[in-house]
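Trainee: Attaching a single structure in structure tokens format; questions to follow.
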Amino acid sequence: MATGADVRDILELGGPEGDAASGTISKKDIINPDKKKSKKSSETLTFKRPEGMHREVYALLYSDKKDAPPLLPSDTGQGYRTVKAKLGSKKVRPWKWMPFTNPARKDGAMFFHWRRAAEEGKDYPFARFNKTVQVPVYSEQEYQLYLHDDAWTKAETDHLFDLSRRFDLRFVVIHDRYDHQQFKKRSVEDLKERYYHICAKLANVRAVPGTDLKIPVFDAGHERRRKEQLERLYNRTPEQVAEEEYLLQELRKIEARKKEREKRSQDLQKLITAADTTAEQRRTERKAPKKKLPQKKEAEKPAVPETAGIKFPDFKSAGVTLRSQRMKLPSSVGQKKIKALEQMLLELGVELSPTPTEELVHMFNELRSDLVLLYELKQACANCEYELQMLRHRHEALARAGVLGGPATPASGPAPTPAEPAVPEPGLGPDPNKDTIIDVVGAPLTPNSRKRRESASSSSSVKKAKKP
């Protein structure tokens, strides 16, 4: 007895297709209803690349779309694949070998080129790029009335304007082609000055009243000075170039020292202002009665700069806090200042952590703020004394060497009054006494000198603390 599978095998029907053709619903139809149930099986012909043929050459002969290679090269933006050229059915426009003349030429030369037959008889398209300079033309009467010059003859002026029209105001070429044998020898600046002077005269004479004039102006003196300066700059010797570079470096150093000096003076002025403001506030607080002042008067008090002493944090709106936290130094205070502050407190016999009552906390914080301000003022004073001493030694050394304008004096004699330094002659190269240049700004303090000075001050404070 034949089964359904035998019947499908005889009819050459597959399992899923046979179920679909017979109308029965299988399990796969319920799970994957959108999946295509029929697959087209088509045999694809594959061509194997012959041996010895490069891949690029084989790609020109065969593609994935089985298209034949194009007959003509074509350009497309669809990718790297080339498509066939689309050849239209219209007739090709005929071209013709025809003669033409260039209007820019005055000799009437005849040339030939390929051109479309429809454009026969038209002007040469590139003739519009022939731009010429409009050189003014003057009459004999105008020359005698307005343009006459004793240093120039009319024949020489006519020769200049003829060359100007010929070479389109290229004055270097005009100067090269100028007839210096027949006429007086002239420079390029002389030729320019004469030409633009005549143009300005003719513009003034021929101008219509009430119109704005565009008169060309040429400053021959400025042009001569410019070329002379450029020639001097070009003809400098290597020694002069080295001297100029050295002077520029020295100028940069002086400017850098000046900026640093100004910055230090500003910082010092801030410290002095802060000290004066703090002292004034303390004096006012002592004289004033202990009454609650209105908020307006408190706002009118001059604010102490941030660089003055220590700025302690405010714990008014921080909730419940310990009073001892108000004596904690902020993180903005460096370790060096903290050590110096502890040393000064020990010298004064003050405890480093007193009992944090309300009055003691306030007074202890004010004391430490004043001590830090005093420490900064001492540092600034030491820096100024060091700079003053260094400048004094430099002045004495220059006075002994005789660089200050007077004769050399012995070390024991009085120092002469400072005068202007001697200026070296140009072209002699850098001065051998480079180190003896007067610097009125002062040299910057090196880190080593600051460390030595700070160590000396700290050692002196330790000695004071050891004394009974």
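Trainee: Among (1) within 17 Å of residue 329 (Cα to Cα); (2) open to solvent by 60 Å² or more (accessible area, probe 1.4 Å); (3) in a helix (DSSP H, G or I), which single condition is residue 352 missing?
Mentor: Of everything listed in (1) within 17 Å of residue 329 (Cα to Cα); (2) open to solvent by 60 Å² or more (accessible area, probe 1.4 Å); (3) in a helix (DSSP H, G or I), residue 352 misses just condition (3).
Trainee: Please work out which one of (1) touching a helix residue (DSSP H, G or I) at 6+ places or on another chain (Cβ under 9 Å); (2) assigned to a helix (DSSP H, G or I) is the condition residue 232 fails and give its number.
Mentor: In the conditions (1) touching a helix residue (DSSP H, G or I) at 6+ places or on another chain (Cβ under 9 Å); (2) assigned to a helix (DSSP H, G or I), residue 232 misses (1) alone.
Trainee: Of everything in the stretch 168-196, what is without any contact (Cβ under 8 Å) to a residue 12 or more places away in the chain and under 42 Å from the mean Cα position of the chain (by Cα)? Give them in sequence order.
Mentor: Within the stretch 168-196, 170, 173 meet the criteria.
Trainee: Can you tell me which residue in the stretch 379-420 is surrounded by the most Cβ atoms within 10 Å (Cβ to Cβ), limited to those that are at pLDDT 60 or above and in contact with a Leu (Cβ under 6 Å, 6 or more places away or on another chain)?
Mentor: Applying the filter and picking the extreme gives 404.
Trainee: Need the failing condition index for residue 345 against (1) touching a Ser or Thr at 6+ places or on another chain (Cβ under 8 Å); (2) open to solvent by less than 50 Å² (accessible area, probe 1.4 Å); (3) farther than 14 Å from residue 312 by Cα, just the number.
Mentor: Condition not satisfied by residue 345: (1).
Trainee: Something else about it: Does the stretch 130-140 contain at least one residue that is modelled with pLDDT of 85 or more, open to solvent by 60 Å² or more (accessible area, probe 1.4 Å) and touching a strand residue (DSSP E or B) at 6+ places or on another chain (Cβ under 9 Å)?
Mentor: The answer is no, given that none of the residues of the stretch 130-140 is modelled with pLDDT of 85 or more, open to solvent by 60 Å² or more (accessible area, probe 1.4 Å) and touching a strand residue (DSSP E or B) at 6+ places or on another chain (Cβ under 9 Å).
Trainee: Filter the stretch 254-271 down to residues that are free of Cβ contacts under 8 Å to residues at least 60 places away in the same chain and either open to solvent by less than 60 Å² (accessible area, probe 1.4 Å) or out of contact with any Ser or Thr (no Cβ under 9 Å at 6 or more places or on another chain) (or both) and give me whichever is farthest from residue 386 (Cα to Cα).
Mentor: If we filter the stretch 254-271 for residues that are free of Cβ contacts under 8 Å to residues at least 60 places away in the same chain, which is where we start, we get 255, 259, 262-263, 265-266, 269-270.
Then keep just the ones that are either open to solvent by less than 60 Å² (accessible area, probe 1.4 Å) or out of contact with any Ser or Thr (no Cβ under 9 Å at 6 or more places or on another chain) (or both); that gives 255, 259, 262-263, 265-266, 269.
Working: 255: 20, 259: 18, 262: 16, 263: 17, 265: 14, 266: 18, 269: 18 Å.
By that ranking, first place goes to 255.
Trainee: What is the residue count in the stretch 164-178 for residues that are aliphatic (A, V, I, L, M) and exposed (fewer than 13 other Cβ atoms within 10 Å of the Cβ)?
Mentor: Let us first name the residues in the stretch 164-178 that are aliphatic (A, V, I, L, M), namely 169, 172-174.
Then keep just the ones that are exposed (fewer than 13 other Cβ atoms within 10 Å of the Cβ); that gives 172.
The total comes to 1.
Trainee: Which residues, counting only those in the stretch 149-163, are surrounded by 16 or more Cβ atoms within 10 Å (Cβ to Cβ) and of a type in the set (D, E, K, R)?
Mentor: 156
Trainee: Please name all residue pairs, on different chains or six or more residues apart, with Cβ atoms under 8 Å, provided the first residue is in the stretch 313-336 and is modelled with pLDDT of 70 or more and the second residue is open to solvent by 100 Å² or more (accessible area, probe 1.4 Å).
Mentor: 323/358; 330/311; 332/311
The values are calculated or read from the model by the stated rules, or taken from the named source; none is laboratory data. This structure is a prediction, so every number in the text was calculated from the model and none was measured. Ideal geometry is used to build each Cβ from the backbone, glycine not excepted, and the neighbour counts take in all protein chains shown. All accessible areas refer to the heavy atoms of the entire protein, side chains included, with ligands and DNA or RNA removed. Shrake-Rupley method; radii C 1.70, N 1.55, O 1.52, S 1.80 Å.
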